[in-house]
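Here, each number is a calculation from the coordinates, and none is a lab measurement. Here the structure is a predicted model, which is why all the values come from computation and not from measurement. Every residue, glycine among them, receives a Cβ derived from its backbone with ideal geometry; neighbour counts consider all protein chains shown.
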Amino acid sequence: MRILPLLMLLMAPALPGPFPVWSGELGPALQRAKAEGRWVLLNFSGSDWCIPCIRMHKEVFDTEVFHQLADRKLVLVNADFPRLKKNMPPVEQQQRNDEMAEKYNGKGVFPLTLLLAPDGQVLATWEGLYTEGPDAFCRQVDRLTSPR
C-alpha cells in the first residue's frame with residue numbers, strides 16, 4: 001500500500017494541468033487583459049447543437065498546446081447559444097451573450113472565434129471549424145500576439 005502514494009507522486013508531473021477557465025463576461029475579460037498584458041479570445045458556440053462548435057472545443061481548445069498558450073497570453077470568453085431548454089444559461093448570461101453577438105457576430109456564424117485586443121478591437125477572426133489542428137491555430141495566435 002505504500003507504493004501507491006509514491007507512484008501517484010511520481011506520475012503527477014506527467015498529468016495534464018487544469019483546463020483554462022472560460023468566462024461568460026466580455027467587460028471584465030477586457031479589463032483583465034489590459035491589466036495583465038493579454039489578449040481576449042472570444043468564441044461563439046452552440047454547445048448542444050453545433051457539431052463544428054463541439055469539435056472546435058474538443059480538437060483545439062481542449063488540447064495541451066492550447067492550454068499552454070492560454071495560460072501565457074489569453075483571457076478566454078465563450079458566448080454559448082444552446083438550444084435545449086435544459087442547457088439554457090440564466091437570463092442575465094443570455095443577455096450578455098446577445099450583446100456580444102450583436103457587437104461581434106452579427107451574421108450569426110457558429111463557431112466563430114475572434115482574437116481581441118484589450119480595447120475590444122478585432123485582431124483576427126476564424127469562421128467555422130478550424131481544421132489545420134491545434135498547433136497551427138496556436139502558432140497563428142502566438143504570431144498575432146507577439147511584439148513586432
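Brief remarks on what is shown
- A cut-off under 15 angstrom between Cβ atoms defines the neighbours of residue 57, and their net charge, with Lys, Arg +1 and Asp, Glu -1, is -3.
- Candidates 41, 114, 69: whichever shows maximal mean-square fluctuation once the chain is modelled as a Gaussian network with Cα springs under 10 Å: 69
- Between residue 127 and residue 71, the modelled labels are 3.5 nm apart [label points 7 Å from Cα along Cα→Cβ].
- Taking the helices alone, the chain has a mean residue ellipticity at 222 nm of -12000 deg cm²/dmol, built from -39,500 (n - 2.57) per DSSP H run of at least 4 residues and averaged over all its residues.
- Convex hull (Cα only) mean projected area of region 17-144, reported in nm² to one decimal: 7.4
- Between the residues 136, 101, 89, the greatest Cα displacement towards the positive end of the dipole of the chain, with unit charges on the Cβ of Lys, Arg, Asp and Glu, is found for 136.
- Applying the criteria of a DSSP loop state and at most 14 other Cβ atoms within 10 Å to the GluC sites (Glu not before Pro) of region 45-148 yields 132.
- Potential lengthening between residue 31 and residue 103 on full extension [0.36 nm per residue; Cα-Cα distance subtracted]: 24.2 nm
- Compactness of region 92-148 - radius of gyration and Dmax, Cα, Å: 13.0, 39
- Net charge of Cβ neighbours under 12 Å - reference residue 32; Lys, Arg +1; Asp, Glu -1: 0
- For a paramagnetic label modelled on residue 142 (point 7 Å from Cα along Cα→Cβ), amide N atoms under 12 Å away belong, within region 50-75, to 65-70, 72-73.
- Cysteines without a disulfide-compatible partner [the chain; Cβ-Cβ under 4.7 Å]: 138
- Each Lys or Arg adds one and each Asp or Glu subtracts one; over the other residues with Cβ under 9 Å from the Cβ of residue 142, this totals +4.
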